[in-house]
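Right, one structure below, let's go through it.
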Amino acid sequence: MKTGKDATVRLIVAIAVVMIAILRIVFFDVAKDRIDDKSILLFALAIVVYFVPWDRLRSLKAAGLEVSIDLPQINAAVDAIELDLVDNEKLRQKIHTLAPLLPRIRGARVLWIDDKPHDILGERRLLRALGVSITPAESSELAAHILESDDDFDLIITDVQRAGETYKDTGGIDIHEGVNFIVQLRKTDNPVIRSMPVIFYAAYDWDRLQAFTRPARLSRPEPRITNSIDELMTEAIRQLADSRTHPIKVNAKKAPTDVRWP
């Protein structure tokens, strides 16, 4: 049921389209003693505008008339961070191209590992505005602790360089703890954690980012890499949508725990 402002706006737009159709009939079609296809399409458009959920559409076209329907979550997301005009519009367009995927990612969960969380506050807020839950971790140790008790994440986003001890087990470069942690993660016994999609997000130039993350990218599924906010959002939305598309098998009822006698 439609209520409040949404219902009012839909009704006003629908009435406006109907009025356009009536004017076409009065001034163009009566003389011909018929209602042409364009007028019929306008009436159909009015029905669609009123009954179809707007948050799933970008525009409606009929009879040469286009009604643009913006996605409020996109505007809210981009407006939640501060970018210059060019980057702002570029980011907005990137997300708009992925609009069909946005309903899928609502409710998705991301484990974001970065030792400087305040530097990525805007990026995290952007995903949250799109309905994605973010769990931050400032170290590999904390991330591992989180995963031990909660492996229900759709995506891991991590930096490349931070302090840590994982290099002692992986033989990697000590300052590339983000890479070492993912290399180690791909060897865990937990198949859910082992197969989680990963995105490396760092400010290195592309060649160095490729070289630094190579040890982790030799594993499967191969982690993605990015050094820009618009590419990060594009890749994150795609990865989350893909993760949420594949259903998780759930037992019809909880399996009983074996009884242990004292």
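Since every read-out is calculated from the coordinates, none of them should be taken as a lab result. Here the structure is a predicted model, which is why all the values come from computation and not from measurement. Cβ sites come from the backbone with ideal geometry, for glycine too, and all protein chains shown count toward neighbours.
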### Query
Using a simple spin-label model with points 7 Å from Cα along the Cα→Cβ vector, what separation in nm is obtained for Lys168 and Tyr204?
2.4
#### Entry: In nm, spacing of pseudo-spin labels at Thr188 and Leu121 (7 Å Cα→C-beta vector)
2.9
### Given charges at beta-carbon only (K, R positive; D, E negative), |dipole| of the stretch 73-245 in Debye
640
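Average projected area of the Cα convex hull of the stretch 137-190, in nm²?
The number I arrive at for the stretch 137-190 is 3.6 nm².
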### Summary
Amide H neighbours of Ile157 at under 5 Å, excluding residues fewer than 5 places away on the same chain, with H built from the backbone geometry, are Leu111, Trp112, Ile113, Ile199
### Task
For the stretch 73-245, just the Cα atoms, rotate onto the principal axes and tell me the three extents in Å, largest first.
45, 32, 26
### Query
Quick one: if you stick a label point 7 Å off each Cα along the C-beta vector at Glu231 and Asp150, how many nm between them?
3.1
